[in-house]
Amino acid sequence: MPGYEPFLLCDFHVHTTWSDGRLSVREVVDLYGQTGRFDVIAITDHILMERDLLGRAGRLMSLGRRHFSVTQERFDDYLADIAAEAARARKLYGMLVVPGAEITQNRLRSRKNAHIIALNIKQWISADQSAREILEEIRRQGAFSIACHPHHRTTRRIEISTCFLWENRKDLVSLVDVWEAANRDDLFSVTSLKHYPYVASSDFHKAKHLYSWKTLLRCEKNWDAIAATMRANVDIALTLYRNGSWAA
Ligand code: ZN
Ligand code: ZN
């Protein structure tokens, strides 16, 4: 369609084996890259709270083999892995890979939980602080914030609610860069009803999650242009990427 060609296909919410994803950064890069369709992905592994119950139970069940959180000690190695794979992705697939993290709060029965993605993150951010403090730290680093699944997800069997940002949007809206309007198979109409800046993401944990909501952006393929376009939230679209989408 004339005028629509330059859209970039983007996924800003991807987990790897650095936290609870099934694929390594390299495997994720190859999965997305080999479609020949993706322009931008962000690696956004979980940073959990110190006392995260799900993370501790999971680690116990996997006898310590699996990690559920990028820890402060491993953070530099995490960024180095992403940087190395980003160089490979650019060369092999012409794909931009952005370093990020999902600062994740999973307190049982807490109305203060938020999951906040920081894109273009440079330094570790603790999940053991208030949502406001996390958002302020993201701003301080010159990083970019996404309010993840800000409303209830209908497709999850067990859900720990992460509605704090939404319930406190009046106080926090100026600190949030964009809100997820779609996460994997869910659509959050609240985001669009408020006319908040939005993105759509897969919340990728395993290969089949490739087929899910994604963001289309019309801008140049570099981080500054991408961040500016998401903030302005003009020339942006959400699309359901299905098996066979845009087949040649
Ligand atoms: Zn999340
Ligand atoms: Zn996630």
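On a 23 Å Cα-Cα criterion, which of the cross-link pairs 112/194; 112/206; 194/214 come out too long?
The answer is 112/206.
Anyone know which of 215, 71, 154 comes out most mobile in the 10 Å Cα GNM of the chain?
Ranking 215, 71, 154 by mean-square fluctuation puts 154 first.
Rounded to the nearest 500, what is the 222 nm mean residue ellipticity of the chain from helices alone, with -39500 (n - 2.57) per DSSP H run of 4+ residues and division by all residues?
-8000 deg cm²/dmol
Would you mind ranking 212, 202 by Cβ crowding within 10 Å, fewest neighbours first?
Arranged by neighbour count, lowest to highest, 212, 202 become 212, 202.
In region 91-165, what GluC sites (Glu not before Pro) fall in a loop by DSSP, with at most 15 other Cβ atoms inside 10 Å?
159
In a Gaussian network model over the chain where Cα atoms closer than 10 Å are linked, find which of 149, 46, 195 has the largest mean-square fluctuation.
195
Counting Lys and Arg as +1 and Asp and Glu as -1, each charge on the Cβ, what is the dipole of region 8-247 about the Cα centre in debye, to the nearest 20? List each step's numbers first, then the result.
On the way: 34 positive and 29 negative charges, 118 e Å.
Dipole about the Cα centre, nearest 20: 560 debye.
Region 3-35: which chymotrypsin sites (Phe, Trp or Tyr not before Pro) are DSSP loop and have at most 15 other beta-carbon atoms within 10 angstrom?
4
Roughly how many nanometres apart are two label points built 7 Å out from the Cα toward the Cβ at residue 228 and residue 185?
Distance between label points: 3.9 nm.
Which of rounded, prolate, oblate describes region 8-247, given a ≥ b ≥ c as roots of the alpha-carbon gyration tensor eigenvalues and a/c under 1.5 marking rounded, otherwise prolate only if a/b is larger than b/c?
Taking the square roots of the gyration eigenvalues as a ≥ b ≥ c, region 8-247 is rounded.
List the residues, sorted by chain then number, that are 5 or more residues from residue 8 or on another chain and whose placed amide H is less than 5 Å from its amide H.
Result for residue 8 returns 217, 218, 219.
Enter the Cα centre distance for the pair region 229-248 and region 1-80, rounded to the nearest angstrom.
Each part reduced to its Cα centre gives a spacing of 20 Å.
Please identify every one of the trypsin sites (Lys or Arg not before Pro) in region 28-105 that sits in a loop by DSSP and has no more than 15 other beta carbons within 10 Å of its own beta carbon. Let's see the in-between values first.
Values: sites: 37, 51, 56, 59, 65, 66, 74, 88, 90, 91; in loops: 37, 51, 65, 66, 74.
Passing sites in region 28-105 are 51, 65, 66, 74.
None of the figures in this text is laboratory data; all of them are computed from the coordinates on show. For clarity, every value in this text was computed on a predicted model and none was experimentally measured. No Cβ is skipped: glycine too gets one built from the backbone with ideal geometry, and neighbour counts run over all protein chains shown.
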